[in-house]
Amino acid sequence: MDWTRLAAKEIAARVRERLVTAETIAAATLERISSRAAIHAWAHVDPERVLSIARAVDARDTTNLPLAGVPIGIKDLMDTCDQPTTYGSRIYAGHRPTSDASIVTRLRDAGAVVIGKTVTTEFAFRSPGPTTHPHDPGHTPGGSSSGSAAAVADFHVPLATATQTAGSVIRPATFCGVVGFKPTYGELPYAGIKAGAESLDTVGLIARSVEDIICTRSAILSGRLEASPAAPSPPPKIGLCRTPSWSRADQGARDCLEASALHLRHAGATVVDLELPVSCDGLLDSHRTIMMFEIARSFADEASRQPELLSPTFREAIASGRSIPLHAYRDAQTHAERSRPALDALLVDCDFLLTLATPGEAPAGLEFTGDPLFNSIWTVLHAPCIGLPAGKGAKGLPLGVQLVGSRRQDERLLRWAAWAEPLLGELIH
């Protein structure tokens, strides 16, 4: 059996039942990573360490471990005590934290086998790492969670962690044709992760199915085995939200969204056109103001002591953030705070919004990781979002759509995503 093709939930069930060992799964994972090294999804993997961790899982009582033996990639923005954590920066080459990030600890406690650190852009900003698109090496896999998305899409691991400050969970997952989940802001623990823009940074997950997202989220938050959610009934009422940026998407992405809405309608959903409240006007500008202002202060030390080791792009970002006056930052935060309850109110009569995930297919070349304009607005609104594969573009690369829910209604959104996932899968040719 090709163990690398199994879902995380299935791997865990087999390991718990002693039908396969975590060590066998880990060995298959390492072989796949080695054979697909040209993807450059990994910043660090120590095979001997991985096998040792897997053997330790096999020695445990796995009866109640929700992620028993499941191989997982950890974004190289998250501290790990047993592996280097470089945050994608030359400044931190060889850096060894003394403790794990909280989410890493929770995953280990649940029985997951940490395979290694996946590539991130420099400090999870715009300067890309070496990762290539798993379906076409001439295209970007997206950023900043590039390694995580590519590793999952290329069957290195069934799960990987990610973070989103603008669009760094949904965008790379969509580009690579897998599922990306950005929860409500603060839902998953951020302790032990290099902060960029602390009022926006959100921990997310990338997997090949909604079910694996659901079981992993549950393992992190409760440490318990959870049954698959029952199919919701009746069919949902969906708000089709094109957003003010609609004209900036290419025709393929727009067609994908319209086809997805029509297909879900044929499956029984009620689909209504919805526009964002007037209070949300200009939120992309407010997002940028908040992000740049906070990045400038988060990286004050690096910019002061070792600016020569920062990329020109990151130095420009810090300079831009420093030029923003405090009153402008406060106004942007006030705008965001005022808009969040307005989105919740919009969703009172809808189960979720259906909207674009990206402006189109993954761009050619590795220099530009793609535009997050269809993600940033939901990030600043602190709303939970999930990206689902829903088609292919003119170049044959994946396209997807994004489902958006109300704050702190993550379970509800995930249940509807599990309902929509197989239906949207019918649109992929």
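Residues in the range 275-316 that are exposed (fewer than 15 other Cβ atoms within 10 Å of the Cβ) and within 15 Å of L373 (Cβ to Cβ): D281, G282, D285. For S99, the criteria (1) in contact with an Asp or Glu (Cβ under 8 Å, 6 or more places away or on another chain); (2) small (G, A, S); (3) crowded, with 24+ Cβ neighbours inside 10 Å hold in every case but one, which is (3). How many residues does the range 69-91 contain that are part of a loop (DSSP other than H, G, I, E, B), under 25 Å from A303 (Cβ atoms), more than 19 Å from the chain's Cα centre (by Cα) and not hydroxyl-bearing (S, T, Y)? Total satisfying the criteria: 1.
Checking the stated criteria, G360 turns out not to satisfy the condition of being part of a strand (DSSP E or B) and closer than 29 Å to P137 by Cα. Listed by position, the helices (runs of 4 or more DSSP H) enclosed by the range 233-344 that each have at least 1 residues that are touching a residue at least 60 places away in the same chain (Cβ under 8 Å), of a type outside the set (D, E, K, R) and within 19 Å of H382 (Cα to Cα) are 283-298.
Among the residues of the range 43-55, are any assigned to a strand (DSSP E or B) and either among the acidic types (D, E) or out of contact with any Pro (no Cβ under 6 Å at 6 or more places or on another chain) (or both)? Checking the range 43-55: at least one residue is assigned to a strand (DSSP E or B) and either among the acidic types (D, E) or out of contact with any Pro (no Cβ under 6 Å at 6 or more places or on another chain) (or both). Figure legend. Inter-residue proximity from the range 1-29: first residues farther than 17 Å from L159 by Cα and charged (D, E, K, R), second residues modelled with pLDDT under 95 and part of a helix (DSSP H, G or I), beta-carbon distance below 7 Å, spacing 6+ or different chains. No pairs are indicated.
The values are calculated or read from the model by the stated rules, or taken from the named source; none is laboratory data. From a predicted model like this one, the values you see are computed outputs, not experimental measurements. Note: ideal-geometry Cβ built from the backbone for every residue, glycine included; neighbour counts use all protein chains shown.
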